[in-house]
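Notes to accompany the following structure.
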Amino acid sequence: MALVRLENAHQARLVRLLRDDGPRSRVELGDALGLSRSTLTSELDRLVAHGLVEVAGPAASRGGRRSSRLRLSGGMRFAGVVVAPDRIRVAVTDGELNVLAEATEPSDVGDGPEPVIGRVVDLVEKLRAEVGAAELTGVGVALPGPVDTESGTSAAPAALPGWQRYPVRDALTAELRCPVLVDNDANLLALGEQHAGIGRTFDDFLYLKLGTAVGSGLVLGGALYRGATSSAGDIAHLPLGEDGPVCACGETGCFEAYCGDAALVRSALDAARSGRSAALADRLAAAGSLTVRDVAAAATAGDPEAQTLVRDAARRIGRVLVGLVSFFNPGIVVIGGAADGLGHILLAEIRAVVYRRSAPLATGTMPVVLSDLGERAGLVGAARLASEHVFAAA
Ligand SMILES: [Zn+2]
């Protein structure tokens, strides 16, 4: 489906409701939005006439009168793209942001924007053809670092060498010939959780992204909060210690320098080489290198040194969360991005610190959970970003 143009705020609310809640009867739509029957009928008729909304089959009868259910056009297709440091993931969704096709391929952001953007275009076009869509309604893109959302450019020389001010949005818009929106990965993971994850039932929540790069996404009052210059939630370089490890940004003691994957691997290599961890030393001898998955496996198998490494990282993460939670009072904290097996070990210790150190009023009923959507949250969130733009009133 080509260009979508909504004529007014009623239409925007109607299509967003159908996106988020799926097919609905006219009565349900009118009740949910508080629209009079005549306004509802005329706006829905316009949306149907423009091919944005269609009849989805009969609804359960209410008061003896049968009414049909309406849904977003079955031909609507969005794409979500996640550019990770070491791979590209792409999904094509329907209008309700259900994933219809998905692909992943290895890629190195260090190669610079042109080759990576070229592969993104190829993958999006391949999936679009695979699902039989002639056109895409919109494409959302997650980048692994700060993004200037106004200009659609990357704003992070440390995280994305060579990408500084590269016009990601404009380059992709020219190739894909549809609206393209760009944001940082933590924000889009939060949006994905809001659409299809546990964030669905919370108006205020915090998404904490661990892994190679750490960050967070904030949903406030039901909407993503970006701050004055779209850098809200960028917590990677919070200073945790004056003489801590050196960070990729050039400072010392940043949150990411303590708790990112690279920090955990560096500590694990120390433990292996110094003989403090037999399990990690064995793994290093066998594989020639270590990954965070090796640390998780050694900790799970009971290696005390590996457990100490993970616990220390978790405590630091917990203390950062204590600050964030007391400042922002989220209804839930969702944690994602940790390597397979690592999340559960981290979670127990993070919870212990958060519940012990926070004010009871802030955390008394606040769950701290691992994301059950995993990486798919980023794809759904990217598609949702595109849909938020397309489903805005003119
Ligand atoms: Zn830093």
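What follows is calculated from the coordinates using simple rules that are stated; it is not laboratory data. Computed from a predicted structure; not experimentally measured. For neighbour counting, all protein chains shown are included, and Cβ atoms are generated from backbone atoms with ideal geometry for every residue, glycine included.
Key figures
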quantity: Descending semi-axes in whole angstrom, ellipsoid equivalent of the chain, from the Cα gyration tensor; calculated: 41, 24, 18
quantity: Principal axis dimensions, the range 137-251 - Cα atoms, whole angstrom, descending; calculated: 49, 38, 25
quantity: Distance (nanometres) between label positions extended 7 Å along Cα→Cβ at residue 130 and residue 114; calculated: 2.8
quantity: Neighbourhood net charge (9 Å Cβ-Cβ; Lys/Arg +1, Asp/Glu -1) for residue 181; calculated: -1
quantity: Selection from 149, 366, 352 lying farthest towards where the dipole of the chain points positive, charges on Cβ; calculated: 366
quantity: Given charges at Cβ of Lys, Arg, Asp, Glu: the range 5-132 dipole, positive-most of 81, 38, 10; calculated: 38
quantity: Mean Cβ count within 10 Å, highest first, over the residues of peptides 165-173, 313-321; calculated: 313-321, 165-173
quantity: The range 208-290: GluC sites (Glu not before Pro) in DSSP loop, at most 14 other beta carbons within 10 Å; calculated: 242, 251
quantity: Of 23, 120, 342, farthest towards positive along the dipole that unit charges on Lys, Arg, Asp, Glu beta carbons give the chain; calculated: 23
quantity: Separation of alpha-carbon centers, the range 81-112 and the range 171-220, rounded to whole Å; calculated: 13
quantity: Degrees between helix 37-49 axis and first principal axis of the chain (Cα, 0 to 90, nearest 10); calculated: 80
quantity: Highest-fluctuation residue, 18, 35, 123 considered, GNM on the chain with Cα pairs under 10 Å; calculated: 35
